[in-house]
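Chemist: Got a structure for you, questions after.
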Amino acid sequence: FNTSSVSVTICNQACQSVSVISNTQLTCVTPSASASSTDRACSLTVTVGSLSQSVSYIYQANLTATITSISPTRGGTGGGT
């Protein structure tokens, strides 16, 4: 199939960098979800040409990366800190 006609959406947002690995596998960078302390369910839809297939997808709050500190906390205006 024509790999240039493949698109993926998660929670109605387009995935970035969709790469088709094979006829049964692809990868993409998921879009960010709004911050939440609870899991969020939505649809994942793969479209190839005029054909689409959707499945359930869950953003898991406990897997979301969180910045907890930054070091050093200050630096010079010349950068490189």
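No value in this document is a laboratory result; all are computed from the given coordinates. Since this is a predicted model, take the numbers as computed values, not measurements. No Cβ is skipped: glycine too gets one built from the backbone with ideal geometry, and neighbour counts run over all protein chains shown.
Chemist: Name the most mobile residue of Asn23, Asn62, Asn12, meaning the one with the largest mean-square fluctuation, in a Gaussian network model of the chain with Cα contacts below 10 Å.
Modeler: Most flexible of the set in this elastic network: Asn23.
Chemist: Please sort by residue number the chymotrypsin sites (Phe, Trp or Tyr not before Pro) in the chain whose DSSP state is loop and whose Cβ has at most 11 other Cβ atoms within 10 Å. The partial results should precede the final answer.
Modeler: Details: sites: Phe1, Tyr57, Tyr59; in loops: Phe1.
Passing sites in the chain are Phe1.
Chemist: Still on this structure, please answer the following. Quick one: in the chain, what % of C-alpha pairs are over 15 Å apart? Please list the in-between numbers first.
Modeler: Details: 2158 of 3240 pairs.
I get 67 percent for the Cα pairs in the chain exceeding 15 Å.
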